[in-house]
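Visitor: This structure is in structure tokens; I'll ask about it shortly.
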Amino acid sequence: MINKLKKNLGNNIAFLIFLAFVGVCGVFLAIGTPSEDGSITLDGKNAKIDQSTLDFIEDSKAALARLMNQDAPTDEQTIAENDEEATGQGFYVTIDDILSRRLAPGTSPYQCSRYTAYLATGKSVYSTAHLDYGPVNGKDVAAWLVKNYGFKYIDQPVKGAIGSGGFNTTYGHTALYLYSTGANTAMVEDANYTPLTVATHNMNIDGWVWVVPGNYEPETAVQAPTTPDSMPTNTATDCSKLKVVSGDTMGKIMARCEGKAVYGEAMDAYARTWFSAKIKPGQSVYDGWHSSTGVGLYAGDIIEHRK
């Protein structure tokens with residue numbers, strides 16, 4: 001009898017744990033009280049957050065504030081000296097080249113713009129007077145790479161993309177994109193987040209713009225079996241329904257249908273208005289970006305614009 005009981009318990013342990021979890025959640029929902037910060041607690045008071053967690057949040061905010069408003073990553077003379085008008089060089093750079101130049105955590109001295117400019121171009125020194133300086137301020141690195149090195153903007157960042165953000169701050173920031181950790185957060189590698197050293201960490205990238213080498217082709221055209229149909233290829237005169245062709249991006253579609261491509265939050269909002277009607281019925285391009293595949297557009301798909 002005892003052996004039989006032990007066997008039953010062993011076979012159903014996962015189910016029993018699940019029931020216990022459901023029970024605890026049920027108690028909180030049934031008798032818990034919403035607190036001022038939105039959490040549900042038994043006494044209605046705000047949920048307690050460990051002090052170390054609070055310190056980490058504050059330290060992260062302080063680091064970004066210091067980067068974007070206090071620590072100048074370069075000076076006007078260095079900016080002028082590095083306005084090279086060397087358009088086209090970046091076409092011969094690849095994502096693999098950028099990633100191969102990554103330095104070990106703790107490498108110093110690097111301001112944020114010196115590090116990402118080095119990753120993108122291979123050029124390490126931009127000021128002999130101030131070795132840590134980069135060619136421009138952090139928020140201007142992406143535009144500098146487009147202007148001087150033939151890089152191009154991309155709708156959604158990929159591993160190896162170089163980004164700029166903090167446009168409403170004094171200096172802004174720049175970083176190398178590694179992978180997404182949420183709707184507006186990502187694991188990045190940068191410099192000076194920890195003073196003048198290279199570091200990898202999670203960061204808010206809301207409102208950032210991203211660039212890649214000029215020869216980069218986004219992997220949006222995931223080939224799927226298609227059957228001949230009467231849908232025309234993309235045209236500027238009919239943007240209520242489009243057939244996705246190889247190489248299409250939301251930037252190209254937005255430029256074609258709206259007259260210009262606007263990145264950041266505007267691009268995210270626009271991607272939410274386009275829906276797959278064939279390969280991923282009902283899924284928006286934006287949701288595709290944030291799905292397990294990371295793909296928003298499929299070659300051969302029919303997408304519908306729903307305002």
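Visitor: Does the range 230-252 include one or more residues that are open to solvent by less than 40 Å² (accessible area, probe 1.4 Å), assigned to a helix (DSSP H, G or I) and modelled with pLDDT of 80 or more?
Guide: Yes.
Visitor: Give the residues of the range 167-208 that are among the aliphatic types (A, V, I, L, M) and within 14 Å of the chain's Cα centre (by Cα), sorted by residue number.
Guide: Ala175, Leu176, Leu178, Ala183, Ala186, Met187, Val188, Met203, Ile205
Visitor: How about the range 258-296: which of its residues are among the aliphatic types (A, V, I, L, M), closer than 30 Å to Gly166 by Cβ and modelled with pLDDT of 85 or more?
Guide: Of everything in the range 258-296, those that are among the aliphatic types (A, V, I, L, M), closer than 30 Å to Gly166 by Cβ and modelled with pLDDT of 85 or more turn out to be Ala269, Ala271, Val285.
Visitor: Looking only at strands (runs of 3 or more DSSP E) that fall completely inside the range 103-207, which ones have 1 or more residues that are touching a residue at least 12 places away in the same chain (Cβ under 8 Å) and open to solvent by 10 Å² or more (accessible area, probe 1.4 Å)?
Guide: So the answer is 152-154, 173-180, 185-194, 197-204.
Each row is one residue, and each column tells you yes or no for (1) part of a loop (DSSP other than H, G, I, E, B); (2) exposed (fewer than 15 other Cβ atoms within 10 Å of the Cβ).
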residue	(1), (2)
Ala255	no, yes
Ala261	yes, no
Met267	no, no
Tyr270	no, no
Phe275	no, no
Pro281	yes, yes
Ala299	yes, no
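The values are calculated or read from the model by the stated rules, or taken from the named source; none is laboratory data. In this text, all values refer to a predicted model and were calculated from it rather than measured experimentally. Cβ atoms come from the backbone with ideal geometry, glycine included; neighbour counts cover every protein chain shown. The accessibility values were calculated without ligands, DNA or RNA, using every heavy atom of the protein model including side chains. Shrake-Rupley method; radii C 1.70, N 1.55, O 1.52, S 1.80 Å.
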